[in-house]
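All remarks here apply to the structure that follows.
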Amino acid sequence: MASTPSSSSPSQMNRVNFRTQVLARHLQQPGLSPSSLQSSLCLNYSPPELAERFDFDTGEMRKLLDGHNLEDRDWLFGLMIQNKLFCPRERGGRVFVTPDYNQSKEQQREMTMRRIGYLLERRVFQGWLTGKGPESEWRKLAYLEVVGIYDHSLAIKLGVHFFLWGGAIQFFGTKQHHEKWLRDTENYVIKGCFAMTELGHGSNVRGIETVATYDSKTGEFVINTPSESAQKYWIGGAANHATHTIIFSQLNVNGSNQGVHAFIAQIRDANGNVCPNVRIADCGHKIGLNGVDNGRIWFDNIRIPRENLLNSVADVSPDGQYLSAIKDPDQRFAAFLAPLTSGRVTIAVSAIYQSKISLAISIRYSLTRRAFSLKPNTPEVLLLDYPSHQRRLLPLVAKTCAMSFAANYLKTLYVKRTPESNKTIHIVSSAFKATLTWHNMRTLQECREACGGQGLKTENRVGHLKGEYDVQSTFEGDNNVLMQQVSKALLAEYIAAKKRNRPFKGLGLEHMNNSSPVIPSHLSSSTLRSIQFQTDIFCLRERDLLNRFAADVSECQAQGESKEYAFTLSYQLAEDLGKAFSDRAIFQTFVEAEANLSSGSLKNVLSLLRTMYALITLEEDAAFLRYGYLSPDNAAAVRKEVAKLCSELRPHALAIVSSFGIPDAFLSPIAYDWIEANSWSSVGH
Amino acid sequence: MDRSSSSNVESNQVLVEENCHARIVLLNRPKQLNALSFQMISRLLELFLAYEKDPNVKLIILKGNGRAFSAGGDVSAVVRGLVQGNWEFGATYFWKEYILNFLMATYSKPQVSVLNGIVMGGGAGVSVHGRFRIATENSIFAMPETALGLFPDVGASYFLARLPGFFGEYIGLTGARLDGAEMLACGLATHFVSSGRLPFMEEALCKANSSDLATISAIIDKLSEQPNLKENSPYRQLDIINECFSRRTIEEIISALESAAAKQKNDWISSAIKSLKTGSPTSLKISLRSIREGRLQGVGQCLVREYRMVCKVMLGQVSKDFFEGCRAILWDKDRNPKWEPSKLELLKDAMVDHYFTKVDREGWEDLKLPTRSNLPVHAIAKL
């Protein structure tokens, strides 16, 4: 309260008296004679496993959620637990592994590199770039997820080296580049980074200012940073370790600009000295990811050989002719950005694992932590036995499960990619990256609060993860920009279908070809829980919003505005539509995962989770009421059902988070015996 | 097996001496090196359950009569039962044994196991889970299951996985023998006391009249010594063990060992290679996976998984190596088992997966762990 004594009015004085009386009553404990006060025993920690039910096979559930390479995951978890570099610490009789975030950023960066060195020695990265086929790709994705469960910096450092630097060489480069660089990259003979973003341009890559000019006399490209806003910024690996970089630059051949192209340049020698004509500075301390050495780079007319142009899309002949199979500069640019898809896929997936970590911790804590008695002289109540606490956490558990299925679907799309599926991957990965990372940040915040003060301790992970993962809504495409792209792409589908009078095909939009679904005016519990109703309402929203968005944009264009300007004006519908697409697509992946199961206890709990996912989405998104997909009565019925679902999911809470595939050692002390972990005997003295 | 004929001879397989507040429990089947018969398991379970409730009991000392602490479970009886079509006997045997292991792992009173001789398989299961394990100059420890067509069970996937680095994989897969000094070094034993001093230790422990871990530890500390790790002990080369046994698959472990052997001549490396090449391929693969899973699970989950595995082993749908191993090692003693599948590469992932799924058999249930209450902190941490 901000009131000062001098401003005390009579009513404030009354309030002070009232508070005093309340406090006095608390201290005196009416109904208890002072003699009955005893020194209470220490609260007992009782492992939730002893009291909670396990109605379904958590191993089977984990198989569904993790989806692939479980044994490989366990192997890598074990490699980390068994090595001192991963900072095993005993707390409350258990060993936890987590980096020492109390180290300086320089120390954290060195530790990240040493951990990479150890994993390299253990052959974890074997086949990450030289492997062939889907099998090695699935395994690589699983390993990256596991590493990310330990530490975001470690995962990002690997992501930059293998997926961005390595991926650029794989996708933009040709045979000569593959032969020269991939094996050395896999073995860390060289360390790569990826210089795309500039101080002045992030999501808008086409606007970057760095220029590469071809010098046909020497057969070299001359790369230059023409202004301060053209300095490369946030380049992971650049500040300390990287020896080589991909440079994104405008390409100038014979005085004409051919747009953005990618080049390879060396920035450090083998001893770590920065190369001539390159200047590097640190990005400084950050709110997270301090184990990653983000740096800034200026190029002062650095010269690189002609072969260092990554030439799968376009090439420059020795005498300075520009050659490209793709004539349309827009398409050429799109081809360049294709590898960034892998980043969006891995970001989306890793976001969900962080939600799993924080939910497993906060659910376990809420099953052992008590607060307030409902009646005098009765035990205090477990946090998770409060309906309000259930309502805070259990819908997030359901969403996290739904998004696990979505993440698995996205990975499948990516691993099985073909040139034809590029568009779908681009749209789905954009939508899921934004939706899953936003969900994660919200989940982390709720879990942090649900753990109370304990959530603020770095060792308990939940609060710290907020700083570590905030960046996910920005890198590899700002979430808002990505969602706008999704809506634009949907509109393009719409226009194509209408113009050519052809049915919708792909992206799950086939429902647009049917007649509009009808939502019953009265929603019973069993209707609300049916897949049919849930599908209908998600499709209804998407279809209507797509119609509205198309109408809005075309109306705006009819008034003489450009298409681009019309988009920016229709941002509200664009936002609603992007969400509608994403929610519906996630829901469908859940339905498919469930459909493959034979009936039993696992299927039952999944259907509870699926209904919770659907109904909480209905409850939370105002669009359903705003556009009338749900009547106010229906919305009330949904709300009531959500509360019911909370109490039905409550008994399964521990079993569900135990299926998340996060080993105990990667959770945190408050997830286990937090009384012992905080005991005097555990204090170093 | 006729269970009703529990004559005196059989009930004498476990002897108890009451000494003030201590109970000295003696495994007494010396001719069979104290291999744990069904009766012994049942009796131990009974005793431990009773002692936990009995306020007069503060400490349990478990030791073996003769030159062994215990050479393991009585698998011979189990396989005899199987051959006669009595699957249930084996299932009940392992069920009880694992429940006993779980009880010991989560026991509220200190158990001191005196490992003055052979400790193998099931013998490790009734000692390593307890709070204090005393090694001596006579100790010989091994988990020899992969040579028998079985896998390190009795909660070994829990305790082996928690040894330093990948030492657990090494001894669990190769069945390598450890002496008392090595047991202490790797943490399988908590103390080393020379056998001559054991009577003093027992006496002091009985006199102590205490359940307090620090008090008991102090008593044993006083009598214990720091033995020298022998010059050629594999434990001195933990870096090589970590390098090789951290590999993802058995095949990769073998090839890593072979390249280590090429670099330096080493007896333990060549015998490790030999063990991995002569052990049951099925056993090796399921054992490795079991230890790797065990590293991430509580002791209860480990035992539930091991119970699934051992039932699958007994059913023999993928491999009958358990029968073959018993034939070659315990009965015919030709030491020349014919494993089937005969090679590592013949075992497909799905065949290995089979051992980790529920048993599809009428009336079969997952191991049901007893509800435990008032657990001590160190027991809570194992769940």
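Odds and ends about this structure:
- Point-to-point label distance, residue B:278-residue A:84, nm (Cα→Cβ direction, 7 Å offset): 3.6 nm
- Our summary of shape: the Cα atoms of the stretch B:154-244 have principal axis extents of 47, 29, 19 Å, ordered from largest down, in whole angstrom.
- Separation of alpha-carbon centers, the stretch B:66-108 and the stretch A:93-168, rounded to whole Å: 43 Å
- Nearest-0.05 FRET efficiency for residue B:361 and residue A:603, computed from C-beta distance (R0 30 Å): 0.85
- Taking Cα atoms only, the orientation of helix A:479-499 departs from the longest principal axis of chain A by about 70 degrees.
- Residue-wise HN-Hα coupling along the stretch A:347-354, computed from phi with Karplus coefficients 6.51, -1.76, 1.60 (Hz; x: Gly, Pro): 5, 4, 5, 5, 4, 5, 5, 5
- In this entry, the stretch A:280-322 is assigned a mean projected area of 5.1 nm², taken as a quarter of its C-alpha convex hull surface.
- Cα-based Rg / Dmax (Å) for the stretch A:254-379: 25.7, 91
- Under the Karplus curve 6.51 cos²θ - 1.76 cosθ + 1.60, θ = phi - 60°, whole-Hz ³J(HN,Hα) for the stretch A:198-214, x wherever Gly or Pro sits: 10, 4, x, 9, x, 5, 8, 5, 5, x, 4, 9, 4, 10, 10, 10, 7
- Residues in the stretch A:210-238 reached by a label modelled at residue A:275 [backbone nitrogen below 15 Å; 7 Å Cα→Cβ]: A:212-213, A:220-225, A:238
- Efficiency of FRET between residue A:380 and residue A:327 - r from beta-carbon atoms, R0 60 angstrom, step 0.05: 0.25
- C-alpha center-to-center spacing [the stretch B:314-383, the stretch B:234-253] in angstrom: 24 Å
- Rounded to the nearest 10 degrees, the inclination of helix A:601-620 to the longest alpha-carbon principal axis of chain A is 80 degrees.
- Crossing angle, helix A:133-150 versus chain A [Cα axis fit, 0-90 degrees, rounded to tens]: 50 degrees
- Within the protein assembly as shown, percent of DSSP bridges classed antiparallel, to nearest 5: 60 percent
- Proximity of backbone amide H atoms, modeled 1.01 Å from N, is registered between residue A:282 and A:296 at under 5 Å, excluding neighbours fewer than 5 places apart on the same chain.
- Alpha carbon centroid spacing (whole Å) that separates the stretch B:156-180 from the stretch A:439-468: 37 Å
- Share of carbon and sulfur in the accessible heavy-atom surface of the stretch A:106-211 [1.4 Å probe, %]: 50 percent
- Chains B and A together, accessible area buried on both sides, 1.4 angstrom probe, square angstrom: 2200 Å²
- Inter-label distance, residue A:415 to residue A:492: 2.8 nm, where each label sits 7 Å from its Cα along the C-beta direction.
- Translational diffusion coefficient (Stokes-Einstein; Kirkwood radius from C-alpha pairs) of the stretch A:547-625 at 37 °C, 0.692 mPa s, in µm²/s: 219 µm²/s
- Hits among lysines - C-alpha to C-alpha of residue B:338 under 23 Å, sequence gap 8 or more where chains match: B:274, B:277, B:285, B:312, B:320, B:348
- Per residue, the accessible area of the protein assembly as shown comes to 42 Å², computed with a 1.4 Å probe over protein heavy atoms only.
- Extending 7 Å from Cα along the Cβ direction at residue A:266 and again at residue A:592 yields two label points whose distance is 4.7 nm.
- Computed FRET value (nearest 0.05) for residue A:135 with residue A:179, which takes r as the C-beta separation and R₀ as 30 Å: 0.85
- Bridgeable aspartates and glutamates around residue A:217 (alpha carbons under 18 Å apart, same-chain partners fewer than 8 residues away excluded): A:307, A:315, A:319.
- Cut-off 19 Å, label 7 Å out along Cα→Cβ of residue B:349, residues of the stretch A:132-150 by amide N: A:132-147
- Added length on full extension, which subtracts the Cα-Cα distance from 0.36 nm per residue, residue A:371 to residue A:423: 13.6 nm
- Ratio Rg/Rh, restricted to the stretch A:198-250 and using Cα atoms, in which Rh is the Kirkwood radius: 1.01
- Residues of the stretch B:345-383 whose accessible area, computed with a 1.4 Å probe over protein heavy atoms, drops by at least 30 Å² once all protein chains are present relative to their chain alone are B:377, B:380, B:381, B:383.
- Full extension of the chain between residue A:474 and residue A:626 yields a length gain of 51.8 nm, computed as 0.36 nm times the residue separation minus the alpha carbon distance.
- Solvent-accessible surface ranking, highest first, for A:563, A:603, A:411, B:274 at 1.4 angstrom: B:274, A:563, A:603, A:411
- Whole-number D in µm² s⁻¹ for the stretch B:246-383, Kirkwood Cα-pair radius fed into Stokes-Einstein, 25 °C, 0.890 mPa s: 143 µm²/s
- Cross-link partners of residue A:505 among lysines (Cα-Cα below 28 Å; sequence separation of 8 or more within a chain): A:327, A:399, A:411, A:416, A:423, A:433, A:488, A:563, A:579
- Accessible carbon and sulfur surface of the stretch A:327-485 relative to its total accessible area, %, 1.4 Å: 56 percent
- Residues whose amide H falls under 5 Å from that of residue A:386, counting only those 5 or more places apart or on a different chain, are absent, with hydrogens built in the peptide plane.
- Stokes-Einstein D (µm²/s) once Rh is taken as the Kirkwood radius of the protein assembly as shown over alpha-carbon pairs, at 25 °C in 0.890 mPa s: 75 µm²/s
- Chain lengthening between residue A:564 and residue A:524 when straightened (0.36 nm per residue, less Cα-Cα): 10.0 nm
- Dimensions of the stretch A:66-156 from C-alpha coordinates, computed as largest minus smallest value along each principal axis and given longest first, are 41, 31, 20 Å.
- Proximity of backbone amide H atoms, modeled 1.01 Å from N, is registered between residue B:189 and B:184 at under 5 Å, excluding neighbours fewer than 5 places apart on the same chain.
The values are calculated or read from the model by the stated rules, or taken from the named source; none is laboratory data. This structure is a prediction, so every number in the text was calculated from the model and none was measured. Cβ coordinates were reconstructed from backbone atoms using ideal geometry, including for glycine residues, and neighbour counts include every protein chain displayed. For accessibility, only protein heavy atoms count, side chains too; no ligands or nucleic acids. Shrake-Rupley method; radii C 1.70, N 1.55, O 1.52, S 1.80 Å.
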